[in-house]
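> Here's a structure for you.
The values are calculated or read from the model by the stated rules, or taken from the named source; none is laboratory data. Since the structure is predicted, the reported quantities are computational estimates derived from the model, not experimental observations. Protein only, heavy atoms only, side chains kept; ligands, DNA and RNA dropped before computing areas. Shrake-Rupley method; radii C 1.70, N 1.55, O 1.52, S 1.80 Å.
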Amino acid sequence: MLTGLEGLTFSVQTFGCQMNKHDSERIIGMLESLGCQEVAGPEESDIVIFVTCCVRESADTRLSGHVMSLKDHPVRTGSPLDERIIAIGGCIGQRDGEALTQRMPHVQVVFGTSALHALPSLLLQAASGARAVDTHEDGVLFSTDLPAHREHAWAAWLPITVGCNNFCTYCIVPHVRGRERSRALEDIRAEAEACVAQGVKEITLLGQNVNSYGRDLHGEPRFAEVLDAVDATGIERLRFATSHPKDLSEEVIRRFSTLRSLMPALHLPVQSGSDRILAAMNRRYTQARYLDLIHRVRDACPGIALSTDIIVGFPGETEEDFQQTLEVVDEVGYHQVFTFIYSKREGTPAATYPDEVPREVAQDRFGRLVEVVGLRALEQNQKDMGAVVPVLFEGPSKKDPRLMTGKTPKGQTVHVGAPENGCVPEAGSIASVRITEAKTWYLTGTLL
Ligand code: SF4
């Protein structure tokens, strides 16, 4: 019988949002600190961990596919375990708990969204042959005392809230992650200071709705104070995700013109341009209110890169509603839009709404939306032709290893050829680049 996890190999597969990716970093850091070794794929892993998302139905299906494919695969040669441990965490773990082990009997561990700390003991129980499930909602909400194994040493995600109080009618998150809870400002400041001391260049503050940070602590949102505190640590680049338009305050908008580190990029999900559909989604703003916010953000930070999320084919969406969404895309001119066809989530109010939009109609609208989004994104990138921008380099490009890839302050991807003198900028360093080519989803430039 194992008394510790030392020497075991593991791999983590992550689905969904940045919050989940951040949880995975903590899981990897925690298991490495216990003597486990991360390996590339499930075949060589004694432990396979899935950090899951239930926002879209396709995520459930994908998870089942991945888990079932491991069913009859023996554990690696030389493993101290008789069989591979499969653990499911994240939102599906929280939502389905014990039922997952009944549906998929070869899953031995299920852990919820606030049970990261419990994972080592759950894995040990599984190693001794027991099923282990922990979906308590009163666990540790912010697992920031666990070591993180960051994907990039220079970039850190820093959670400031968990949960959500908004109950958009299509969304499962409040039902799975629970009510919104804010992290103490002192904890956020301390972690940001530690990141700066470790050489982190970019911090992204995370929450389902960062703009309402502090409402549960102080009775009113205090997100602007978080921005001030993190900026004061001396961090080079500061970003945040995600914002709800109804809570984006004047104080926060003003920070785009006053804070040195706050990058000129804002993700502001609109979801639809139709007031009728926005009301059915329970978004609590109108198209006019949203566009007014956009104008105020652009007044505070001319040239800011805006991105958004849009759902097409929400129940009852007519062609006229859809045209209003296209109008918003045209007027705003987003740098990036994450587009989705509505998918029903059981347990949400919208799942019971009549007037489902036929799949082929939704797909046709999706295609037309993607076309307009691409045209507007290209126009935005073309505005940067000839500009000299500071680029935070990430390493060789995935599409062509002869190129270096990095991010502009606006968050655009830039590919840069190696300079003639051979002095390639190190990953994590910031250097000036002149933009020489603009494509829809990336830029090309020359190192100065
Ligand atoms: S704001 Fe709406 S879409 Fe975002 S997590 Fe909360 S309920 Fe879901």
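> Report in % the part of the accessible area of the chain that belongs to carbon and sulfur, leaving out ligands and nucleic acids; probe 1.4 Å.
51
> Quick one: accessible area per residue over the chain, 1.4 Å probe, rounded to a whole number of Å²?
43
> Take the alpha-carbon centre of region 182-213, take the same for region 70-98, and report the distance between them in whole Å.
Spelled out, the Cα-based centre of one part sits 32 Å from the other.
> Per DSSP H run of at least 4 residues, take -39500 (n - 2.57); add these up for the chain, divide by its residues and hand me the 222 nm value, nearest 500 deg cm²/dmol.
Details: 14 runs with 149 residues, N = 448.
Calculated from helices alone, the mean residue ellipticity at 222 nm is -10000 deg cm²/dmol.
> For LYS21, which aspartates and glutamates qualify as cross-link partners when the Cα separation must be under 13 Å and same-chain residues fewer than eight apart are set aside?
GLU151
> Would you please give the residues with an amide H less than 5 Å from that of ASN165, counting only those at least 5 places away or on a separate chain, with H modeled from the backbone geometry?
GLU180
> So what is the relative contact order for the chain, in percent, with contacts set as C-alpha pairs under 8 Å and at least six apart? Walk me through the numbers before you get to the answer.
Numbers: 914 pairs, mean separation 42.2, N = 448.
Answer for the chain is 9 percent.
> Let me ask something else about it. Any chance you could look up the accessible area of TYR442 with a 1.4 Å probe, heavy atoms only, rounded to 10 Å²?
About 60 Å², ignoring ligands and nucleic acids.
> Oh, and also: From the Cα gyration tensor of region 9-134, with a ≥ b ≥ c the square roots of its eigenvalues, which class applies: rounded if a/c is under 1.5, or else prolate if a/b is larger than b/c, or else oblate?
Cα axes put region 9-134 in the rounded bin.
> Distance between the C-alpha centers of region 371-429 and region 334-365? Whole Å please.
Between the Cα centre of region 371-429 and that of region 334-365, the gap is 33 Å.
> Another question, if that's okay. Would you work out if region 388-447 is rounded, prolate or oblate? Take a ≥ b ≥ c from the square roots of the eigenvalues of the alpha-carbon gyration tensor; rounded if a/c is under 1.5, else prolate when a/b is larger than b/c, oblate otherwise.
Since a/c stays below 1.5, the shape of region 388-447 is classed as rounded.
> Is region 118-209 rounded, prolate or oblate when judged by the Cα gyration tensor, a ≥ b ≥ c being the square roots of its eigenvalues, rounded requiring a/c under 1.5 and prolate requiring a/b larger than b/c?
Oblate.
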